[in-house]
Amino acid sequence: MNFNFKQKWRLLPFIWLMPLSTAFASECQMAFAHGILISPEQIRVLTDDRTVYQINRDQQLFILGDMQKLTPQDIEVLAQYSQGMRKLVPEVVAIAVDSVEMGLSAIENMLLGVGNASQQEEWQALVRETTYQIMSRFVRSGEHFYLAPQSLKEMDAFLHGELKNNLTALAKNTVGAVWEALRDALQQTDDDFERPERQDWQSVEQLVSKINLGLDSKAEELEAKSVLFCARLKELDQIESQLQKRIPTLLAYDVVVEK
């Protein structure tokens, strides 16, 4: 099912949407209470990394591994819910993942061809560790998407604060290490150290400014879509309520909630 939202959401003038969207990003109370893993064939709802229920091809439902007997009407509501998830979750995940990848790309470009093999390995390990820490809540791999339990408000805080702080710390550590390696290379004739002729050398301040500028644009993208995301979550919550009335066992796993 495609969401048929009221036309007023689609016709909101952009100049009106932007000021209100910032308020919605911080005031919208809608949230995902469980982790969501979406693949082309399945939607899995997870608690503590354990699948509590699963939807296959928008029409089969398994709760704790047991396949449920569904009426045609049950399947219709299940399909609406499943397709609503498939519409919303990848969009939300994409904003967060794009933000992280953009910041990491700026840092990794500073490391290309700098230092010897040992130094490169050390810096890449630092980048990978930071990536793992900040990406545990958002995963995109091909057509697979994962969103950890969180609210739109928490995602807004992630883009505006937590992500900036993590990438700033990583930029300072890695760029500081690059300049230290450069100084060492100048002081010692190190044949293993090569400086690319066309390297875009930047100070820590320049790199952090570049990263923050990109992150601000992604945060604005989230803010611009916050009204729509919040409306979709509210509609998805209503569909979930219909599904729970038909399949009461699902009441134990309320996914879309208002905090």
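The values are calculated or read from the model by the stated rules, or taken from the named source; none is laboratory data. The structure presented is a predicted model; accordingly, all values stated were derived computationally and were not measured. With ideal geometry, Cβ positions are generated from the backbone for all residues, glycine too; neighbour counts draw on all protein chains shown.
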When segment 105-124 is checked residue by residue, the ones that are touching a helix residue (DSSP H, G or I) at 6+ places or on another chain (Cβ under 6 Å) and at pLDDT 75 or above are 106, 107, 123
Give the residues of segment 189-227 that are surrounded by fewer than 17 Cβ atoms within 10 Å (Cβ to Cβ), hydroxyl-bearing (Ser, Thr, Tyr) and at pLDDT 80 or above, sorted by residue number. 209, 217
With the condition kept exactly as written, say whether any residue in segment 139-152 is surrounded by 16 or more Cβ atoms within 10 Å (Cβ to Cβ), hydroxyl-bearing (Ser, Thr, Tyr), closer than 22 Å to residue 212 by Cα and out of contact with any Asp or Glu (no Cβ under 7 Å at 6 or more places or on another chain). no
Identify all residues within segment 130-149 that are assigned to a strand (DSSP E or B), over 18 Å from residue 82 (Cα atoms) and out of contact with any strand residue (DSSP E or B) (no Cβ under 6 Å at 6 or more places or on another chain); write none if there are none. 138, 140, 141
If you go through segment 57-73 one residue at a time, do you hit one that is over 20 Å from residue 132 (Cβ atoms), touching a Phe, Trp or Tyr at 6+ places or on another chain (Cβ under 8 Å) and among the aromatic types (Phe, Trp, Tyr)? yes
Tell me, which residue of segment 38-57 that is surrounded by fewer than 19 Cβ atoms within 10 Å (Cβ to Cβ) and touching a residue at least 24 places away in the same chain (Cβ under 8 Å) is farthest from residue 252 (Cα to Cα)? 40
Hey, among the residues in segment 228-243 that are of a type in the set (A, V, I, L, M, F, W, C) and farther than 28 Å from residue 101 by Cβ, which one's surrounded by the fewest Cβ atoms within 10 Å (Cβ to Cβ)? 243
Can you tell me which residue among 233, 250, 222 is more than 30 Å from residue 76 (Cα to Cα) and either touching a Lys or Arg at 6+ places or on another chain (Cβ under 7 Å) or touching a residue at least 40 places away in the same chain (Cβ under 8 Å) (or both)? 222
Looking only at segment 164-174, and only at residues there that are buried (at least 21 other Cβ atoms within 10 Å of the Cβ) and either in contact with a Gly (Cβ under 7 Å, 6 or more places away or on another chain) or not hydroxyl-bearing (Ser, Thr, Tyr) (or both), the one that is nearest to residue 87 (Cα to Cα): 167
When you look at residue 154, is it under 17 Å from residue 222 (Cα atoms), within 12 Å of the chain's Cα centre (by Cα) and among the acidic types (Asp, Glu), yes or no? yes
